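Reviewing the structure listed below.
Readers should treat all values here as calculations from the given coordinates under stated rules, not as data from a laboratory. Predicted, not measured: the structure shown is a model, and the values here were computed from it. Neighbour counts are summed over all protein chains in view; Cβ atoms, including those assigned to glycine, are modelled from backbone coordinates with ideal geometry.
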Amino acid sequence: TVNITIDGKKLQVEKDMTILEAARRANIKIPTLCFLKDINEIGACRMCVVEIKGARALQAACVYPVAEGLEIYTQSPNVREARRVTLELILSNHDKKCLTCVRNRNCELQTLSEELNISQLRFEGQSTNLPLDNFSPSIVRDPNKCILCRRCVSVCKDVQTVSVISATERGFKSAISCAFDKSLADVPCTMCGQCISVCPVGALREKDDTDRVWEALANPDLHVVVQTAPAVRVALGEEFGLPIGSRVTGKMVSALSRLGFAKVFDTDTAADLTIMEEGTELLNRLKNGGRLPVITSCSPGWIKFCEHNYPEFLDNLSSCKSPHEMFGAVLKSYYAEKTGIEPSKLFVVSIMPCTAKKFEAQRPELSASGFADVDVVLTTRELAKMIKEAGIDFNNLEDGRFDDPMGEATGAAVIFGATGGVMEAALRTVAEIVSGKSFDNVKYEAVRGIEGIKEATVEIGDMRLKAAVAHGLGNARKLLDSIKAGEAKYDFVEIMACPGGCVNGGGQPIQPSSVRSWTDLRSERAKAIYEEDESLTFRKSHDNPIVKEMYEKYFGEPGSHKAHKVLHTHYAP
Ligand code: HC1
Ligand code: SF4
């Protein structure tokens, strides 16, 4: 440890800390803007400058390491003026249309202006008027709102290893853009939306599809149904001021009914169906010498990454559609038949924690009935906007229940939302199919948690199954490279594009750096997911009564010809 003084307060701190972290320890808040812990620690914006006794210039606290005897001042007149000038310069050419910005009231630049008491602007910069990039089905980039903090560049390059956005030019002409000024739609962007989650301002956002849903809801000729992904229920509450990790499943269902959806279904039902199909596929490939490892196919950002970077693994992918796509296909076939509603009159909306799902829904491979399996995908954030616009008092809603006949789901399906969940759900089912026994302990701890790559060897009777789980595309890359190099061998692999899995998807509520840097959103939201799992009556996919009924009445058995027609697909190289 070292001894330092901050604003006259004596402190003992570990020697590998930055001044920013040390100050936090002492409950002294230093403002930041470009800083995002572990992702963007570059000291570029200079909002966090502090005065150090004996040093010639002000120093950026987010990168400056503590040292024995350091005397630091975080609120001296020099410091205050420097921060104000920095902020005013950023504001001088920022597109300040806060009232109509998606990030109004959740913008780090706006918050800083308030906190530093900026009441007038001394500098009038030349405002840029650059075109929007809104050609991607998932992501919109507005360069006029960009403050060049580079968080998106770092997350795309270092965490996701995709590197499709970067800083170009220098000085006044600096910009964040894709190579040759192309659109995000024309580069190998995976549409994961991690860049949106880290953007402090409104320079990156999802493509807003709420109008399409309002229109469908107002159309008397359509039967509009909605399904919600497992991870949405543990994050939506954040949009209404509830603590991170609040479970709002019941309120979410009530809000959706109030919005006017004819039926509110649970994507989890289809996640159980996915496990039946994927488990069967895995056992078939193991028995018949098929391509191994089987790699999960529910994360569309991962699929796109695979297509661009690892086409040699496309045949390893499970042929299962992702759960919400399966659900859409089931609704437009089984449910349509059962209710006598024409598939053309059925409008399926998916509420997802994911921006890549908007792209996925448009894929031509995913239209079993001749119509798109899913018509519109909204993110968790877009759903919150609709709830607010409809004047629904979310926090005081009663708990609703998902609608029959497709409303039952198991704990196995819920955990899909956290990294390792699909693997664990599959193991719960595969273990019982192979052994013919029923197990009370359904926990597979080895595949839980936020370690980048997790491995487990599971022994079921005389079968030894080698499994691996990767989340975040950088970890996926590492895992695939080790398989390619022959250093590792697995039977079953789960890959999710987003770090932490869907709970931390690019469509989830955005927390500012002041929260995100010091709270692990992934673990907090995952905790709520595992609580929900424990609270449910059924915790294994093969116990789901609705799924059983679907096989009895419609599909026959897992992997049947009919199941393949509706529930499976193929992503060709
Ligand atoms: Fe996911 Fe999935 S778990 S992909 O993370 O397999 O988005 O939540 O809905 O489809 O079930 C996302 C979440 C989600 C699918 C399921
Ligand atoms: Fe990079 Fe993902 Fe953003 Fe695309 S969506 S630019 S891959 S971070």
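With just the Cα atoms defining each centre, how far is the stretch 492-512 from the stretch 219-256? Give it in Å. So the separation of the two Cα centres works out to 17 Å.
Of the Cα atoms belonging to the stretch 22-68, the radius of gyration and Dmax stand at 10.7, 30 Å. Distances between every pair of Cα atoms in the stretch 1-129, grouped in 5 Å steps from 0 to the bin holding the largest one, split as 2, 10, 19, 21, 18, 13, 8, 5, 3, 1, 0 percent. The residues packed around Gly290, meaning those with a beta-carbon under 14 Å from its beta-carbon, carry a net charge of -1 if Lys and Arg are +1 and Asp and Glu are -1.
Nearest 20 debye, what's the magnitude of the dipole of the chain about its Cα centre given +1 on Lys and Arg Cβ and -1 on Asp and Glu Cβ? It would help to have the intermediate numbers written out before the result.
Details: 70 positive and 76 negative charges, 306 e Å.
Approximately 1480 debye in magnitude.
Starting from the Cα of Lys478, step 7 Å toward the Cβ, then list every residue of the stretch 522-548 with an amide N under 15 Å from that point. Hits in the stretch 522-548 for Lys478 at 15 Å: none.
Each of Lys385 and Thr519 was given a label point 7 Å from its Cα along the Cα-to-Cβ line. The distance between the two points is 2.3 nm.
Around the amide H of Tyr64, modelled in the peptide plane, lie the amide H atoms of Ile19, Leu20, all under 5 Å away and 5 or more residues distant in sequence or on another chain.
The value given for the stretch 387-507 is a Kirkwood hydrodynamic radius of 16.6 Å, derived from the mean inverse Cα-Cα separation.
The simple Förster model, with R0 at 22 Å and r as the Cβ-Cβ distance, assigns Ala167 and Asn93 a FRET efficiency of 0.85. Measuring against 29 Å, Cα to Cα, the residue pairs Lys388/Lys548; Lys29/Lys304; Lys173/Lys385; Lys443/Lys489; Lys304/Lys388 contain Lys388/Lys548; Lys29/Lys304; Lys173/Lys385; Lys304/Lys388 as the ones spanning a longer distance.
Going down the list Lys182/Lys357; Lys37/Lys466; Lys157/Lys332; Lys484/Lys565; Lys321/Lys527, which pairs span over 29 Å between their C-alpha atoms?
Numbers: Lys182/Lys357 22 Å; Lys37/Lys466 34 Å; Lys157/Lys332 39 Å; Lys484/Lys565 31 Å; Lys321/Lys527 27 Å.
Pairs exceeding the cut-off: Lys37/Lys466; Lys157/Lys332; Lys484/Lys565.
Taking packing as the residue-averaged number of other Cβ atoms within 10 angstrom, the listed peptides 60-71, 147-158, 212-223 run from highest to lowest as 147-158, 60-71, 212-223. Taking each DSSP H run with n ≥ 4 as -39500 (n - 2.57) and averaging over every residue of the chain yields -9000 deg cm²/dmol at 222 nm.
Give me the percent of DSSP beta bridges within the chain that run antiparallel, rounded to the nearest 5. Walk me through the intermediate numbers first.
On the way: 27 of 51 bridges.
Counting DSSP beta bridges with both partners in the chain, the antiparallel share is about 55 percent.
Rounded to the nearest 5, what % of the DSSP beta bridges within the stretch 1-73 are antiparallel ones?
For the stretch 1-73, the DSSP antiparallel bridge percentage is about 85.
Take every pair of alpha-carbon atoms less than 8 Å apart whose residues are at least six positions apart; their mean separation over the length of the chain yields a relative contact order of 16 percent. Considering only Thr18, Pro31, Cys62, the residue lying farthest towards the positive end of the dipole of the stretch 1-68 is Pro31, judged by Cα position with unit charges set on Cβ. Residue order for Asp440, Asp181, fewest other beta carbons within 10 angstrom first, comes to Asp440, Asp181. Taking the centroid of alpha carbons for each part, the stretch 269-298 and the stretch 85-156 are 45 Å apart.
Return the FRET efficiency for the residue pair Arg258, Asp221: r is the Cβ-Cβ distance, R0 is 25 Å, and the value is rounded to the nearest 0.05.
Working: r = 22 Å, r/R0 = 0.87.
The pair Arg258/Asp221 has a calculated efficiency of 0.70.
Pairwise Cα distances in the stretch 39-114 exceed 16 Å for 58 percent of all pairs. Spin-label model, Asp440/Arg291: points 7 Å from Cα along the beta carbon direction are separated by 4.3 nm.
As a footprinting exposure proxy, order Ile39, Ile19 by other Cβ within 10 Å, with the fewest listed first. Mind showing how you got there, number by number?
Working: Ile39 20, Ile19 27.
The fewest-first ordering by Cβ neighbours comes to Ile39, Ile19.
Straight Cα distances below 17 angstrom link Lys454 to the aspartates and glutamates Glu424, Glu445, Asp481, Glu487, Asp491, Glu494, with same-chain residues fewer than 8 positions distant left out. Straight-line cross-link reach from Lys97 at under 17 Å between alpha-carbon atoms covers these aspartates and glutamates, not counting any fewer than eight positions away in the same chain: Glu88, Glu108, Glu114, Glu124, Asp142. Modelled this way, with points 7 Å down the Cα-to-C-beta line, the labels at Leu536 and Lys345 are 3.2 nm from one another. Considering only alpha-carbon pairs that sit under 8 angstrom and 6 or more positions apart, the relative contact order computed for the stretch 68-150 is 33 percent.
Within the shell defined by Cβ-Cβ distances under 11 Å, the residues around Lys145 carry a net charge of +3, with Lys and Arg each +1 and Asp and Glu each -1. A simple rule links phi to the HN-Hα coupling: the Karplus curve 6.51 cos²θ - 1.76 cosθ + 1.60 with θ = phi - 60°, which for the stretch 501-510 gives x, 4, 4, 10, x, x, x, 7, x, 9 Hz, with x for Gly and Pro. Residues His561, His542, arranged from fewest to most other Cβ atoms within 10 angstrom of their Cβ, appear as His561, His542. For the chain, the Kirkwood radius over C-alpha pairs fed into Stokes-Einstein at 4 °C and 1.567 mPa s yields D = 52 µm² per second.
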